[in-house]
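Everything below concerns the one structure shown next.
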Amino acid sequence: MTEHKDVIIVGAGPAGVGMASLLRRIGVENMLVIDRYEVGASFVRWPQETRFITPSFYSNPFGQIDLNAVNPASSPALSAGVEHLDGTAYAKYLQEVLRDSGAEALTSTHIVEVSLTQKGSFRLFSSSGQKWVTPVLIWATGEYQFPDKNVFEGAEHCLHYSRVNSWRDFKQDDYVIIGGYESAVDAAINLLEQGCRVKLLTRSAPWANNHIADPSISLSPWTRQRLQQVMDNRYFEIYEDADVTSVLKTSSPDGGYRIHTANGRAWCSHQRPILGTGFLCGGGARQLAPFFDWNAAGFPLLTPEDASTRFPGLYLVGPQVRHEQHIYCFIYKFRERFAVVAKAVAQQLNLPLRDDDLKLLTEDICCQDDRCHC
Ligand SMILES: Cc1cc2nc3c(=O)[nH]c(=O)nc-3n(C[C@H](O)[C@H](O)[C@H](O)COP(=O)(O)OP(=O)(O)OC[C@H]3O[C@@H](n4cnc5c(N)ncnc54)[C@H](O)[C@@H]3O)c2cc1C
């Protein structure tokens, strides 16, 4: 049996849940949200100690919605009662938002194939043989579950940040961390808190970029502040200008790894080096690679409505959305695109829109200049 839906959203993270909530608000009834795990699955899989970098605060009634909210009516700060939520608390918040929206959701359902019908709709297949057809497919599969494992030769020997359950599971020893941004610095701070010795190998020192306002390309104030507190820790060594080119497993009887950099330096580590080098460029959109045109930087090309330039009924929401110099990798950034997609979907489905439906969400990317002029 193939079920027909007006809209299908694949992925129930903040992008999928926020989009579902807005589409319900504008009157989309026959819609389904699908996730291969649970709602907020990526957050459930964060290391237990990881906290939100962006603070949450209930300022919604004054027109400034909580930075981490996915719709104007909700607030993670109110939901969890804390400013920097952990992954479990944020997943719970997403579950509340989805439940309140009344959207139909199907979890533990992995979409493994998408094809086109003769009429240009999308046919979706799950790993357990379910089938759906929809004219509007919203792809919201994120990045976190798609780590980049090919950053250099031998990267497969390393442990990626996204595979860590808890830093408390690490024994007191020496660790090498590769990377210099949010996840690498978070790993370093957590391991130092466990009493470990840490060497951080980084190409540059993003914490030195005080003048860059955009947290997508420099270190956030929260991480910078935490880093300051461990800078003098005698167990902490930072090696800047360390462009790692390979990690080799040594053949010595007690195991170990050798880490090489482009400028000829090398380090040894008994423990698997930890990768804080980010995620696959294009993230979960790579699952639908033939459905998008891709730019030279490895991101899907999108219309001004955030649809695929190849298939207008396929929309992308979440951190892989890029327009010119704008990087939408934080929730407060990519939620600004929900209204753009909702308007296009409403047009496609012939739904009337009230101005009120799209308030607090900006369409005009010119207003989203990250460069600080102060
Ligand atoms: C350590 C860390 C800290 C962060 N801190 C912040 C922060 O403080 N503030 C902030 O704004 N952002 C932060 N981010 C970034 C933010 O988490 C992401 O931008 C956000 O999670 C992206 O949301 P999403 O819904 O696109 O993806 P996800 O939350 O990853 O959701 C995607 C969903 O799609 C599902 N899925 C994938 N493929 C399929 C498939 N084929 N079939 C069915 N389901 C599928 C997955 O199970 C998943 O639930 C942080 C990221 C990391 C890694």
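The values are calculated or read from the model by the stated rules, or taken from the named source; none is laboratory data. In this text the structure is predicted, and so the values were computed from the model without any measurement. Heads up, the Cβs are rebuilt from the backbone with ideal geometry, glycines too, and the neighbour counts pull from every protein chain shown. Surface accessibility is based on the protein's heavy atoms, side chains included, excluding ligands, DNA and RNA. Shrake-Rupley method; radii C 1.70, N 1.55, O 1.52, S 1.80 Å.
Residue-wise test of (1) more than 11 Å from the ligand (Cβ to nearest atom); (2) at negative phi; (3) modelled with pLDDT of 95 or more.
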position: Phe52; (1), (2), (3): no, yes, yes
position: Phe57; (1), (2), (3): yes, yes, yes
position: Asn60; (1), (2), (3): yes, yes, no
position: Gly63; (1), (2), (3): yes, no, no
position: Ala73; (1), (2), (3): yes, yes, no
position: Ala77; (1), (2), (3): yes, yes, yes
position: Ala80; (1), (2), (3): yes, yes, yes
position: His84; (1), (2), (3): no, yes, yes
position: Tyr93; (1), (2), (3): yes, yes, yes
Condition met for Glu336 (at pLDDT below 95, part of a helix (DSSP H, G or I) and among the acidic types (Asp, Glu))
yes
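Condition check ((1) closer than 23 Å to Phe291 by Cα; (2) buried (at least 18 other Cβ atoms within 10 Å of the Cβ)) across all residues:
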site: Leu67; (1), (2): no, yes
site: Val70; (1), (2): no, yes
site: Ser75; (1), (2): no, yes
site: His84; (1), (2): no, no
site: Ser101; (1), (2): no, yes
site: Val114; (1), (2): yes, yes
site: Lys119; (1), (2): yes, no
Just wondering, is there one or more residues in the range 139-159 that are in a strand (DSSP E or B) and under 16 Å from Val112 (Cβ atoms)?
yes
For Ala296, are the conditions met, namely being over 30 Å from Tyr175 (Cβ atoms), open to solvent by 10 Å² or more (accessible area, probe 1.4 Å) and outside any strand (DSSP E or B)?
yes
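Provide a single number: the residues in the range 309-327 that are assigned to a loop (DSSP other than H, G, I, E, B), closer than 30 Å to Leu219 by Cα and in contact with a strand residue (DSSP E or B) (Cβ under 7 Å, 6 or more places away or on another chain).
Selection size over the range 309-327: 3.
Listed here are the residues, each with its yes/no results for (1) modelled with pLDDT of 95 or more; (2) open to solvent by 50 Å² or more (accessible area, probe 1.4 Å).
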| position | (1), (2) |
| --- | --- |
| Arg226 | yes, no |
| Phe236 | yes, no |
| Glu240 | no, yes |
| Thr245 | yes, yes |
| Asp254 | no, yes |
| Arg258 | yes, yes |
| Thr261 | yes, no |
| His270 | no, yes |
| Pro273 | yes, no |
Got at least one residue in the range 185-193 being part of a loop (DSSP other than H, G, I, E, B), open to solvent by 30 Å² or more (accessible area, probe 1.4 Å) and assigned by TED's automatic domain parsing to the domain that holds Gln225?
no
Would you check which residues across the range 16-49 are within 11 Å of the ligand (Cβ to nearest atom) and open to solvent by 10 Å² or more (accessible area, probe 1.4 Å) and list them?
Asp35, Arg36, Tyr37, Glu38, Val39, Ser42, Phe43, Val44, Arg45, Trp46, Glu49
